[in-house]
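These notes concern the structure reproduced below.
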Amino acid sequence: MCTVIIHVGERQSDPIRVLAIRDEDPARPWNPLGPWWPDTHEGVIGVRDARAGGAWLAADPATHRLAVLLNREDLSDRAEEELRSRGSIVLASVAGTSPGEAPQTHGFNLVEVVPEGARVTTWDGIRAHVESLAPGTHMIAHHDVDDLETPRIAHWLEEFRRTPLGDPGASHWWEPWMAILARSGELPPTDDRAIVRDNRLLGYPTLSTLICVASLSATTLDVHYGEFEHPGRWNSVSLT
């Protein structure tokens, strides 16, 4: 039940900004942001799922592509042995191959960013849909883009939209968004409106574990990473 906030500028020369919060079982090991696939995806950096080998978020500095994946409810009745890891979709995306009409995975929302714009592919196990993101600020979680039926989106989207970010090229441009996250962290992590989350009461073993921010344009690709000291609990994260 991850959360992504993304801002697409009015001009194609404006950088696209991304804030991604990962919710995962803390017992499932991962590798922090780094170049974990030198033999198959040279130069690509990302957050690696140490168990399956794929990526939650990945970026290619050579082609200025970025992708991040959020789990989504799967409505199909396909057997597990028919499916492959969703993490392979992220690596395929930054290599230039987007999902087809019937991916052999559980449901997902895939955010893909290139200098020309951003789009989200939603897959529920039955139907795939691709939505190009209009200029402005958007939130994605486990349902549709800007879905106001999702309490955290209904509660925080307009605040993200009202909050200006740092100028292009400014260091720590993400600080205004992090201030919103800090305010959201005042909510209990089990509150449906919370962005930093503890999903165990909902029947999922997942808690918010880490944050990535990225700024991408035709000339720049800048990605930073930080982990929460305690999964599911807000603290001021140092992004490196």
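Here is how the numbers come out for the structure above:
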quantity: Output for region 118-144, where each listed residue is small (G, A, S), in a strand (DSSP E or B) and out of contact with any Ser or Thr (no Cβ under 9 Å at 6 or more places or on another chain); calculated: S132, G136
quantity: Among residues of region 174-218, those that are among the aromatic types (F, W, Y) and buried (at least 18 other Cβ atoms within 10 Å of the Cβ), counted; calculated: 2
quantity: Inter-residue pairs, beta-carbon under 7 Å, first touching a residue at least 12 places away in the same chain (Cβ under 8 Å) and more than 13 Å from L70 (Cβ to Cβ) and in region 99-111, second crowded, with 19+ Cβ neighbours inside 10 Å and not acidic (D, E), 6+ apart; calculated: P99/I89; P99/L110; P99/T121; P99/W123; P103/I89; P103/W123
quantity: The lone exception for R152 - which of (1) closer than 19 Å to C2 by Cα; (2) modelled with pLDDT of 95 or more; (3) touching a Leu at 6+ places or on another chain (Cβ under 7 Å) it fails; calculated: (3)
quantity: Those strands (runs of 3 or more DSSP E) lying entirely in region 4-117 with at least 3 residues modelled with pLDDT of 95 or more and crowded, with 22+ Cβ neighbours inside 10 Å; calculated: 16-24, 45-49, 55-60, 65-71, 108-114
quantity: Residue in region 160-171 that is farther than 18 Å from G9 by Cβ and in contact (Cβ under 8 Å) with a residue 24 or more places away in the chain present; calculated: no
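The values are calculated or read from the model by the stated rules, or taken from the named source; none is laboratory data. If you're wondering where the values come from, they're calculated on a predicted model, not measured in any experiment. Note that each Cβ is placed from the backbone with ideal geometry, even for glycine, and that neighbours are counted across all protein chains shown.
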